[in-house]
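Q: There's a structure below that I have some questions on.
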Amino acid sequence: MNPLWNRRSIAFRLVVAVLAVEALFALLIVFLAFGYERHVQFDAFHTMVHGRADSVIGTIQDSEDAQDTLIMSRQDLHLPSDDVWEALDTDGQVLGRSDNWNSAVIQSGHVGRDGYRQTRLDHRHYAVLELHGTRLVDPDAAGGGKLHYLVVYYGAPTGPVWSAIRGAVEFYGAGSLLLLAVTGPLIAWLLHRGLMPMRELAALAAQVSANSWEFSPPATARSTPELAPLTTAMENVLARLQKAFTQQRVFVSDAAHELKTAVAVIKSSLQLLALKPRTVTEYEEGLERSLADTERLESLVGQMLTLARVESAEAAASAARCELVPCAEEVRQYLQSVAELRQVTVRLAPADGAAAVRLAPEDCFMLVSNLVFNAIQHSPAGAAVEIGAETREGSAWLTVRDHGDGVAADVLPHVFERFYRGDPSRARATGGSGLGLAIAKGIVDRAGGSIAIENCVDGGAKATVRLPLAGTE
C-alpha cells in the first residue's frame, strides 16, 4: 500500500493538513471576494441609479404659461423598462412616472443604511432612491425667477447586481477549487520526493539483523538536517547492540568452555579412580581433588550469576547507600589470610571524612574485594597492596594499587572483558575465572560511576574507581 494513502502516515497527514489550510484560505478568499464585489457592484449601482434620477430631473422644464408650472419632456428620456420612477413637485403634483409605477414601491419595505428603500415589486427586489432637487424657472425675470422643489423616486431591480456578485464569487470559488485540484497531487508528489531519504533510511535499517549488522545510511539522510540526528542515533544504537550481541555470544561460548573444562576435570578425576582398585588413601586424595574442582565450578557459576545480576537493569537500586571506607576495611580483614599465604601486605590509607556511595553494601563489598583480590594475585611475595578512599570533586574515589609487573600493553584494553585472561596458565593456577574485573565494572556502571586500570611509572598497576556520592544526582 502506498504510504501516501495510509491515514496514519506522516505524508498523508501533511497532505491533509496542507489541503485543509488551502481550503480555509480559499474560503477566506471567497468571503473577502464576496464582500469586495458587493461593495464595488452596489457602489456602481447606486451611482447609476442616482444618475438616472438626475436625468429625470433634467427633463423637467417650464411649461411657458402664466403660472410658471413645470412639465416633463419624456422624448429625451431613455430609461430601462424594468426601472420604476415618479417625479413630484412641491405640491405633490405628479410631473411624470414610469408605465410600471406602483405606489407600493414607496409605501413598503425599509430604508437601509445606504439611504435606499429595499422593496419588492412583481416578485423582484428593488432599491429605490428618494432624490430631492430644484428647478429654477425664468431666471432672467424680475426677482430672479421662480424656484421649484422636486422629489424623484427612482428604483431599479437589484437582481442583476446580485448576479454579477454571484458570478465573481463563483469565479473565485472555481479558481480556488482548481488550485486545490492542482496543488493536491503536486503536494503529494513533493512529499513523496521529500520523504525519500527517510524511506531509504528505514529500508536499510530493516535489513539489519542479529546475523547482519551492516548499516550504511544514505548520503541524503546524512545531509538532511532533520534526519542527520536520527541517522547518528541509529548508528550509535546499532553499534551498541552489535557490541552487546557480540559480547553475549562470546560470553555464552566462553561460559560453555569454562564449564565444560571444569566438568571434564571432575569427570577425568572420577574416571581415574574407577580404572582400577585404589587404596583408601588414593580414594581420599581423588575425592579431595574432585571436591576442590567442584568448589571451583560452584564458584564459577556463582560469579556468572553475580555478573548477570549486576548487569541487570532490574537489579539497580538508586536508593542504596554504603560507607566506602568501612567497607574497604572489612575487605582488608576478610582477605588478610589470603594475603598472608602469598606473603603480601594489604594496607588501607587513612581517610578524612565519610564517603557514602550509592551502592548496596554487598555490591560495595564485592567491588572492593574483587579489585583487592586481583591485586593480591598479581603481587610478588613481600610486596604491598595499597587501598585508598577519599572524597573530592563531588565524587567518592577508590584506588587499589599493587607493586607487581603491571599489565601488558596488549592486555590493558581487555581487562574488563568477561573470561579474558592475559596469562591463562597463571590464572588457572591461581583459580581465577576472568570474571572478577567484569563484575567490578558492571557494579560501577550500574551505579553511574567509572573504573579504569593503568600501569604505574614506578611499577605495578592501579585501579581507579569513581562513584557518585549517596544523595547526589
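Read the figures in this text as sums done on the coordinates, not as results from a lab. Worth saying up front: this structure is predicted, and the values here are computed from it rather than measured. Don't worry about glycine lacking a Cβ; one is built from the backbone with ideal geometry, like all the others, and counts go over all protein chains shown.
Q: If amide H atoms are built 1.01 Å from N in the plane of the peptide, which residues on other chains or at least 5 residues away come under 5 Å of the amide H of T158?
A: Under 5 Å from the amide H of T158 lie the amide H atoms of H125, Y126, A127, each far enough along the sequence or on another chain.
Q: Along segment 175-187, what does the Karplus equation 6.51 cos²θ - 1.76 cosθ + 1.60 (θ = phi - 60°) give for ³J(HN,Hα), rounded to whole Hz, x for Gly and Pro?
A: In residue order, the calculated couplings are x, 5, 5, 5, 4, 5, 5, 7, 6, x, x, 5, 5 Hz.
Q: Still on this structure, please answer the following. Packing-wise, with mean Cβ within 10 Å as the measure, how do 178-189, 374-385 rank, highest first? Write out the running numbers ahead of the final one.
A: On the way: 178-189: 13.3, 374-385: 19.1.
By packing density, highest mean first, the sequence is 374-385, 178-189.
Q: Based on DSSP H runs of at least 4 residues, each adding -39500 (n - 2.57), what is the mean residue ellipticity at 222 nm of the chain after dividing by all its residues, to the nearest 500 deg cm²/dmol? Kindly include the intermediate steps, with their values, before the conclusion.
A: On the way: 12 runs with 236 residues, N = 473.
Result for the chain, helices only: -17000 deg cm²/dmol.
Q: Still on this model: What are the ³J(HN,Hα) values, in whole Hz, obtained from phi via the Karplus relation 6.51 cos²θ - 1.76 cosθ + 1.60 with θ = phi - 60°, for each residue of segment 447-457 in sequence order, with x given for Gly and Pro?
A: Result, rounded to whole Hz: 7, x, x, 8, 9, 8, 10, 9, 7, 8, 5.
Q: Which shape class applies to segment 11-166: rounded if a/c is under 1.5, otherwise prolate when a/b exceeds b/c and oblate if not, where a ≥ b ≥ c are the square roots of the Cα gyration tensor eigenvalues? List each step's numbers first, then the result.
A: Working: a/c = 3.93, a/b = 3.02, b/c = 1.30.
Judged from the Cα gyration tensor, segment 11-166 comes out prolate (a/c at least 1.5, a/b above b/c).
Q: So what are the ³J(HN,Hα) numbers for segment 96-109, from phi and the Karplus equation (6.51, -1.76, 1.60; θ = phi - 60°), rounded to whole Hz, Gly and Pro as x?
A: Each residue of segment 96-109 in turn: x, 7, 6, 5, 9, 5, 9, 4, 5, 4, 9, 9, 10, x Hz.
Q: Does segment 319-468 come out rounded, prolate or oblate by the C-alpha gyration tensor, with a ≥ b ≥ c the root eigenvalues, rounded set by a/c under 1.5 and, if not, prolate when a/b is larger than b/c and oblate if not?
A: Details: a/c = 1.62, a/b = 1.34, b/c = 1.21.
Prolate is the answer for segment 319-468, as a/c is 1.5 or above and a/b outweighs b/c.
Q: Same structure again: What's the ranking of 436-447, 80-91, 114-125, 392-403 by average number of surrounding C-beta atoms within 10 Å, highest first?
A: On the way: 436-447: 22.8, 80-91: 16.7, 114-125: 14.7, 392-403: 18.6.
Ranking, from highest mean packing down: 436-447, 392-403, 80-91, 114-125.
Q: I'd like the distance separating the alpha-carbon centroids of segment 10-31 and segment 165-232, in whole Å.
A: 17 Å
Q: Please compute the contact order of the chain in relative form: average sequence separation of alpha-carbon pairs under 8 Å and at least six residues apart, divided by the residue count, as a percent.
A: Working: 625 pairs, mean separation 45.6, N = 473.
Across the chain, relative contact order equals 10 percent.
Q: Taking amide H positions as placed in the peptide plane 1.01 Å from N, state which residues far from V208 in sequence (5 or more) or on other chains have amide H under 5 Å from it.
A: Amide H to amide H, under 5 Å and 5 or more residues apart or across chains, V208 pairs with nothing.
Q: For V385, enumerate residues with amide H under 5 Å from its amide H, sequence gap 5+ or separate chain, H modeled in the peptide plane.
A: T345, V346, R347
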